[in-house]
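The next block holds one structure in the form of structure tokens; read it before the comments.
Read-outs throughout are calculated quantities, based only on the coordinates presented, and are distinct from any laboratory measurement. As the structure is a computational prediction, the values presented were derived from the model and not from experiment. All Cβ positions, glycine included, derive from the backbone under ideal geometry; neighbour counts span all protein chains shown.
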Amino acid sequence: MIQIKSTLSEKDKKQILNILNELIDIYSDFYLTKNNLRYYIKENLDLLYKCLREGDKIMFDKEGIVVITGWSDKSPRKYVKLLAKDNTILDKLLKNLDWSISNDLFIKIKRNNPLKEVLLKNKYKFIGGRGKEILLMKKGVKYVKSSQNESPSTD
């Protein structure tokens with residue numbers, strides 16, 4: 001079951017550690033940036049937990065993790081960091097992310113990372129590149145809650 005959280009219980013932390021121990025970050029794209037330095041999440045879990053306490057979000061299930069950063073440092077951009085067992089899991093996580101986060105989302109990954117194809121299929125657009133990395137973006141979707149008692153406007 002996919003969960004999205006900002007606060008983690010000890011059980012959640014154990015589950016995340018198990019997931020990280022099972023998955024390999026072949027392209028070194030699963031990192032947090034603080035003060036222009038990259039901190040790989042697997043080696044810096046305390047930093048991840050600190051960012052989550054300050055407002056960042058994490059979505060995970062037993063075969064993948066998505067970290068959404070930018071809230072803790074009040075950045076205008078929300079960056080997504082992905083690590084998944086395979087493209088099917090990534091696709092499932094991205095679809096759930098669409099329903100959970102309505103902000104514009106940015107992803108910086110290596111140009112040769114095969115996750116790029118899944119991201120493009122999920123409506124992320126190429127907006128720039130620099131050297132070995134590319135920047136993709138997906139516009140946020142604002143969902144409007146409707147009530148059965150409301151009637152359409154007739155203006």
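If you run the Gaussian network model on the chain, springs between alpha carbon atoms under 10 Å, then out of N21, N35, N96 the most flexible one is N35.
Note on the chain: GNM, Cα springs under 10 Å; of L119, L37, L97, the largest mean-square fluctuation is that of L37. Looking at the range 1-53, none of the GluC sites (Glu not before Pro) sits in a DSSP loop with at most 13 other Cβ atoms within 10 Å of its own Cβ. DSSP finds beta bridges in the chain, and of those with both partners inside it, around 95 percent are antiparallel. Which of the pairs K13/K121; K78/K116; K42/K85; K34/K142; K34/K121 have their Cα atoms more than 27 Å apart in this structure? Going by Cα-Cα distance, K13/K121; K34/K142; K34/K121 fall outside the 27 Å limit.
Between helix 87-100 and the chain there is an angle of about 50 degrees, using the helix long axis and the longest principal axis of the Cα atoms. For K132, give me every one of the aspartates and glutamates with a C-alpha distance below 13 angstrom, ignoring sequence neighbours fewer than eight places off in its own chain. List returned: D29.
Pairs spanning more than 20 Å between alpha-carbon atoms, out of K62/K110; K11/K62; K14/K74; K74/K125; K14/K62: K62/K110; K14/K74; K74/K125. The alpha-carbon atoms of the chain define a convex hull whose volume equals 155 cubic angstrom per residue.
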